Amino acid sequence: MSALILIVDDEIDLVDTLEYNLRAAQYQTRRAHNGRDALRLAAQTPLPDLILLDLMLPGISGLDVCRSLRDNERLRNIPVLMLTARGESADHEAGFLAGADDYVVKPFSVREVLLRVQAVLRRSREYAATAASSREILFGKLRIDRVAHKVWVGAEEIRLTFMEFKLLVSFLEQRGRLLTRDILLDEVWGITAAVQTRTIDTHVKRLRQKLGEAGDYIETLRGAGYRFIEHAPE
């Protein structure tokens, strides 16, 4: 069965356009034009495989919708691609803090959105296919359940967004190796330099903050990229 995409935007014409093109690409769709309906439709069975979520919505904002999704155990792992008319880095940071996995700035091309959707869904399926064979990862203070998308630092469970979780697993699987931003864009986001490098830096920054004392496992190699330490501290 094809993936189900929930489109949330108060611009009717834009939703019509996105829905038409997503269906032409063989995706199923749902649509909502405000935050309240977005949360209701996100919880309907079957759950959406991806949510396209506008930042500026009437009533409940896109940021608050995203926060509510991440606070819901059943919905927290649904990838969220934020649609925003604002280009300032502060707005992108706010979206990531709320739990968005990536953003597209309006005006955007439909092709760009389709490529982002395709990449996220492909990586999500690839991850699910391999997660069951090596469900749990232990490293130092970290414990990761790949199937349940859960992370603990010591005894404390840490809530990560879909992309933060994939980023952490990618680091762990390649610990000791230099990972440039281009490598991370390809392996985690599944796309090329269409995403700005500050997307990577913002995700790494947020991941370190959420991991607390385990955040030091991720090293910055200035001018080169990032590296996860090879051996856990004693």
Selected from ARG222, ARG76, ARG123 as most flexible by GNM, with the chain as the system and alpha-carbon contacts under 10 Å: ARG222
MET56 accessible area, assembled protein chains, probe 1.4 Å, Å²: 100
Nearest 10 degrees, 0 to 90: helix 12-24 Cα axis against the chain principal axis: 70
Assigned charges on the beta-carbon of Lys, Arg, Asp, Glu; the chain dipole about Cα centre (debye): 400
Counting DSSP beta bridges with both ends in the chain, the antiparallel % (nearest 5): 50
Gaussian network model of the chain, springs between alpha carbon atoms under 10 Å - residue of ASP186, ASP13, ASP49 with greatest fluctuation: ASP13
Rounded to whole Hz, the Karplus (6.51, -1.76, 1.60) HN-Hα couplings of the range 159-167, x for glycine and proline: 8, 10, 6, 3, 6, 4, 5, 5, 5
Rounded percent of accessible protein surface that carbon and sulfur make up, the chain, 1.4 Å probe: 49
Compactness index (Cα Rg / 2.2 N^0.38 Å), the chain: 1.00
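Kindly provide the helix-only [θ] at 222 nm of the chain, computed as the sum of -39,500 (n - 2.57) over DSSP H runs of four or more divided by all residues, to the nearest 500 deg cm²/dmol? Please list the in-between numbers first.
On the way: 8 runs with 93 residues, N = 234.
Value at 222 nm, helices only: -12000 deg cm²/dmol.
Taking a 1.4 Å probe, which of HIS203, HIS231, HIS33 shows the most accessible area, and what order do the others take after it?
Working: HIS203 5, HIS231 140, HIS33 55 Å².
My answer, sorted largest first, is HIS231, HIS33, HIS203.
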Taking the convex hull of Cα positions in the range 29-104, its mean projected area over all directions (nm²): 4.5
Pairwise Lys count, the chain - Cα closer than 16 Å, eight or more residues apart or different chains: 6
Highest-fluctuation residue, GLY62, GLY223, GLY154 considered, GNM on the chain with Cα pairs under 10 Å: GLY223
Most positive-pole-ward Cα, LEU83, LEU167, ASN21, against dipole of the chain from beta carbon charges: LEU167
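The values are calculated or read from the model by the stated rules, or taken from the named source; none is laboratory data. Note that the structure is a prediction, hence the values are computed from the model and not measured. Methodologically, a virtual Cβ is constructed for each residue, glycine included, from the backbone with ideal geometry; neighbour enumeration extends over all protein chains shown. Side chains included, ligands, DNA and RNA excluded: accessible areas come from the protein's heavy atoms. Shrake-Rupley method; radii C 1.70, N 1.55, O 1.52, S 1.80 Å.
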